[in-house]
Amino acid sequence: MRRLRWFIVGLSGLALIVSSATAQDESAFQFPNQIRQVSNFDVPPPPDVPAGQTAAPEQVFNRPAPQDMEPNWVNTGDSNQCNNCCRVCPQWYAQLDVLLLDRASHFSNQPVVLDDITGAVLLSTGDLNFNGAAGPRILLGRAADDCTACEFSYFGVYSLSAERTITDGNSLDIPIDLVVPATDFNNAKAMRVTDDFRLNSFELNCARFLCGSRPCGGVELLAGFRYLNLQETFNINSTDADNTISDYRIRTRNNLYGGQLGLRCSERWDRLGLSTTGKAGLFANDADHSQFVGDNGNTTILRNVNSSQVLTAFVADLNATLSYSLTDHLAIRGGYNVIWIQGVAVAPNQLDFSFNATSGTGVNSSGGVLLHG
């Protein structure tokens, strides 16, 4: 019954619109009669004709029409560049992507595993190669009009990892001076080095078209706030000749807060669309890290320290996306992303093979993270 009621109301409204349009059409057909009266000079002559003289027909026909006779479209010019497209932009819109990202090994080339006999470097931090990982990217936006919108976006990468294992009899060491007290890392028969990285990014941006509009494409200015959380765990797992296993483990966490600016350029060709987005900003980085070095199967603690520091970081990312609209409200997208984060404490850069009271207590913030895919 409710659907039937709304159907009847809709038909009534449609009939009212048709009646109004018919009435307007009938009034338009009366316009020539008014012109015919003007041609018979049933109205006062134009003001530029002297009194007592007769106005020429062209003077009468060229007179401006009264204001109430102007067509509705006369004053609807393109006063705003946002009105270039005759489409109504939806108030809410959303995008859901699956990111397949890889991480470039951008560390200081710190030796990790040495040959006990020759002293040759068997593994360095620069030798670690990360596997690709998938993560979601979600964007939810509300458009005030075709030119202005507010957007919230999130993306996360939960398990970007690298792993290398070195086995060589009983002749594997870590660098001095830590190898002396850490007996499980001296003349070991196997060392497994792992690195696990995670990233979460939250953004709140205001978007404003500098030219063009949302349905048609153009150049769009982005400005907003961004928060990123980076967590990383680096571990050297050593198996000694007597099969005791100990760890040298480093954990880092970076919390970045700051503002950013960006541009988004988009173009549309019927159902096909191309968009490129670039953003950059300066951030305050609340970084902390902890170190643990165990021996004798981790029963002896040689180091267990942590430290924190507030740093300055830089974040920039670039995205290019090609989309194809399946319907007016659904499109498929594919693209490429590059994300650069500089000024963060990455775990491999915190390695400290010295052995004194201050070992492992500093924060090395010169690291960078490059994600792409």
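The values are calculated or read from the model by the stated rules, or taken from the named source; none is laboratory data. Since this is a predicted model, take the numbers as computed values, not measurements. Please note: Cβ atoms are built from the backbone with ideal geometry, for glycine as well, and neighbour counts cover all protein chains shown. These area figures cover heavy atoms from the full protein model, side chains too; ligands, DNA and RNA do not enter into them. Shrake-Rupley method; radii C 1.70, N 1.55, O 1.52, S 1.80 Å.
Remarks
- Checking each residue in region 218-248 for being in a strand (DSSP E or B) and either of a type in the set (D, E, K, R) or out of contact with any strand residue (DSSP E or B) (no Cβ under 9 Å at 6 or more places or on another chain) (or both) picks out Glu220, Arg226, Glu232, Asp247.
Yes/no per residue for (1) at pLDDT below 95; (2) charged (D, E, K, R); (3) open to solvent by 40 Å² or more (accessible area, probe 1.4 Å); (4) not in a loop (DSSP other than H, G, I, E, B):
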position: Gln309; (1), (2), (3), (4): yes, no, yes, yes
position: Ala316; (1), (2), (3), (4): no, no, no, yes
position: Ala320; (1), (2), (3), (4): no, no, yes, yes
position: Ser323; (1), (2), (3), (4): yes, no, no, yes
position: His329; (1), (2), (3), (4): yes, no, yes, no
position: Arg333; (1), (2), (3), (4): yes, yes, yes, yes
position: Tyr336; (1), (2), (3), (4): no, no, yes, yes
position: Asn349; (1), (2), (3), (4): yes, no, no, yes
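- When restricted to residues that are β-branched (Val, Ile, Thr) and either open to solvent by 60 Å² or more (accessible area, probe 1.4 Å) or over 30 Å from Ile176 (Cβ atoms) (or both), region 100-146 contains 4.
- Assessment of region 164-176 against the conditions (open to solvent by 70 Å² or more (accessible area, probe 1.4 Å) and either in contact with a His (Cβ under 7 Å, 6 or more places away or on another chain) or acidic (Asp, Glu) (or both)) yields no matching residue.
- Index of the failed condition, Asp286 passing every other in (1) assigned to a strand (DSSP E or B); (2) of a type outside the set (S, T, N, Q); (3) open to solvent by less than 40 Å² (accessible area, probe 1.4 Å): (3)
- Total residues in region 225-239, condition of a type outside the set (Val, Ile, Thr), touching a residue at least 60 places away in the same chain (Cβ under 8 Å) and in contact with a Lys or Arg (Cβ under 9 Å, 6 or more places away or on another chain): 5
- Selection status of Val305, farther than 28 Å from Pro215 by Cα, open to solvent by less than 20 Å² (accessible area, probe 1.4 Å) and either at pLDDT 95 or above or in contact with a Lys or Arg (Cβ under 9 Å, 6 or more places away or on another chain) (or both): no
- Of all residues in region 147-159, those satisfying the criterion of being in contact with a Gly (Cβ under 8 Å, 6 or more places away or on another chain), open to solvent by less than 20 Å² (accessible area, probe 1.4 Å) and not β-branched (Val, Ile, Thr) are Ala149, Glu151, Phe155, Gly156.
- Just one of the listed residues (Gly281, Gly294) is in a strand (DSSP E or B), touching a Ser or Thr at 6+ places or on another chain (Cβ under 6 Å) and surrounded by 14 or more Cβ atoms within 10 Å (Cβ to Cβ), and it is Gly294.
- Being open to solvent by less than 40 Å² (accessible area, probe 1.4 Å), part of a strand (DSSP E or B) and in contact with a Ser or Thr (Cβ under 6 Å, 6 or more places away or on another chain) is a condition met by no residue of region 249-262.
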